[in-house]
Amino acid sequence: EQQNNWDGYPICKFQGFWLPFWLFHPLLCFQRNFKARDTDIMLSSMPKSGTTWMKALLFVIANRNQFPIDQSPLLVNSSHKLVKSLECDYYMEHDNPDLETLPQPRVLSTHLPHQALASSLIDSKCKIVYICRNPLDQFISEQHFFLKNRLWPNATVCPLDESFGMYCDGVHAFGPFCDHLLGYWNASLENPDRVLFLKYEDLKRDSLSEIKKIAEFVGLPFSEEEEKAGLVGEISKLCSFDKLKDLEVNKKGVHYGTITNNSFYRKGGVGDWVNHLTPEMADRMKKLLEAKLTGSGLMLDI
Ligand code: A3P
């Protein structure tokens, strides 16, 4: 099955989800060749749900003994360079990339749904951190991203009501988003030691508690001395939207091709959807979530 994503690039339905067609080969290579380690830290997310932020946090948490905060590589590198995507970077560049030489613990990321993860990853004891976001904010964030960045030559973005319809119907890259959420949600219920399910909104509301929760989950809890020295607060500040957005590398740097690093920093808030979507659209989403999530125990802040 083939369709165009709402910004015009072809997506194919494969293994139960919509995949940008250029990721077909990297996906198969990842599934066939990836060898997980028990020490791996894997970030999973839908695009535009806080990936850039979580990459920064996980990198700093995992490498805090190697780099003091004021000398963090995050100050001069985009978080997408420090934590690369399996399907969009490593397996896009090579069928069988050498991931053995990466520093331990390896921090890796993916937008793939849980059912598409390599079996080696499922069978290992590695830690999966999933971040989700209010789907209305995520949709608006993605719409802006597509308007700014053409991922496909001559692509044109559908009008908002049309793209919102496609999004609700689940016809969008890595979607249906409800299945993406539920895949990781159910995995986190079945295996709470392996999958941590986080919400962008909680991270915004109470960064310190969430950062401590993440560090504990990945097996790198903060010591009493670190807490007393205020390290959690320093990490929260370093990885905050305002701090990262204003770094030279994120103001001027290039992510890939014509996509600039600054396109990953727009508003960085909660609830911007009200400025773009009608109450009827929000109502449609609420009903959809009710229908799909009832009984799962998953509640989203919308
Ligand atoms: P907005 O477009 O709503 O501002 P992703 O990283 O998954 O591509 O998601 C991008 C979204 O996360 C954008 O949302 C961006 O502004 C926001 N974001 C990026 N860095 C952030 C940070 N450090 N803290 C909070 N939000 C951040």
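The values are calculated or read from the model by the stated rules, or taken from the named source; none is laboratory data. This is a predicted model, so every value here is computed, not measured. For neighbour counting, all protein chains shown are included, and Cβ atoms are generated from backbone atoms with ideal geometry for every residue, glycine included. These accessible areas exclude ligands, DNA and RNA; they are computed on the full protein's heavy atoms, side chains included. Shrake-Rupley method; radii C 1.70, N 1.55, O 1.52, S 1.80 Å.
Under a crude label model (7 Å from the Cα following the beta-carbon direction), how far is I69 from R284 in nanometres?
For I69 paired with R284, the spin-label model returns 4.4 nm.
Give me the accessible area of T258, 1.4 Å probe, in Å² rounded to the nearest 10.
Looks like 110 Å² after rounding.
Leaving out ligands and nucleic acids, note down the accessible area per residue over the range 63-210 with a 1.4 angstrom probe, in whole Å².
In whole numbers, the range 63-210 has 43 Å² accessible per residue.
If I ignore ligands, DNA and RNA and count only protein heavy atoms, how much of D70 is accessible to a 1.4 Å probe, in Å² to the nearest 10?
120 Å²
Please state the equivalent ellipsoid semi-axes for the chain: what are the square roots of 5 times the Cα gyration tensor eigenvalues, largest first, in whole Å?
One finds semi-axes of 28, 22, 21 Å for the chain.
Taking all protein chains as present, what is the carbon and sulfur share of the accessible area of the chain, in % to the nearest whole number, probe 1.4 Å?
About 52 percent, which is the carbon plus sulfur part of the accessible surface.
Between beta-carbons, use under 12 Å as the cut-off and find the net charge around R205, counting Lys and Arg +1, Asp and Glu -1.
Here the charged neighbours net out to -3.
If you take every residue apart from S188 with its C-beta less than 13 Å away from the C-beta of S188, what net charge results, scoring Lys and Arg +1 and Asp and Glu -1?
Around S188, the surrounding residues sum to +2.
I'd like to check one number: the per residue accessible area of the range 218-302, probe 1.4 Å, reported in Å² as a whole number.
Per residue, the range 218-302 has 61 Å² of solvent-accessible surface.
Leaving ligands, DNA and RNA out of it, rank M166, M285 by accessible area with a 1.4 Å probe, largest first.
Putting M166, M285 in descending order of accessible area: M166, M285.
Would you work out which of G183, L244, L203 lies farthest towards the positive end of the dipole of the range 155-266, given +1 charges on the beta-carbon of Lys and Arg and -1 on that of Asp and Glu, about the Cα centre?
So the residue we want is L244.
Separation between the L293 and D95 pseudo-spin-labels, each 7 Å from Cα along Cα→Cβ, expressed in nm?
4.2 nm
Over all directions, what mean area does the Cα convex hull of the range 142-279 project, stated in square nanometres?
One quarter of the hull surface, i.e. the mean projection, equals 11.0 nm².
Just the ratio, please: alpha-carbon radius of gyration of the range 1-97 over 2.2 N^0.38 Å, N its number of residues.
In units of the globular-protein estimate, the range 1-97 measures up at 1.27.
Quote the charge dipole size of the range 225-302 about the Cα centre in Debye, to the nearest 20; the model charges only the Cβ of Lys and Arg (+1) and of Asp and Glu (-1).
For the range 225-302, the charge dipole is close to 360 debye.
With the cut-off at 27 Å, tell me which of the pairs K81/K213; K125/K204; K204/K286; K35/K228 have Cα atoms farther apart than that.
Pairs exceeding 27 Å: K125/K204; K35/K228.
Return the equivalent ellipsoid semi-axes of the range 184-240 as a descending list in whole Å, where each equals the square root of 5 times an eigenvalue of the C-alpha gyration tensor.
Working from the Cα gyration tensor, I get semi-axes of 23, 15, 7 Å.
Scan the range 117-210 for trypsin sites (Lys or Arg not before Pro) in coil per DSSP, keeping those whose Cβ has at most 13 other Cβ atoms within 10 Å, and list them by number.
Passing sites in the range 117-210 are K125.
If Lys and Arg each add +1 and Asp and Glu each add -1, what is the summed charge of the other residues whose beta carbon sits under 14 Å from the beta carbon of N134?
The answer is +1.
So for the range 156-227, averaging the separation of alpha carbon pairs under 8 Å that are six or more residues apart and normalising by length, what relative contact order in percent results?
Computed value for the range 156-227: 13 percent relative contact order.
Whole number please: convex hull volume per residue of the Cα set in the range 63-160, in Å³?
177 Å³
For the range 224-273, rounded, prolate or oblate, judged on the Cα gyration tensor with a ≥ b ≥ c (square roots of eigenvalues), a/c < 1.5 rounded, else prolate if a/b > b/c?
It comes out oblate by the Cα gyration axes.
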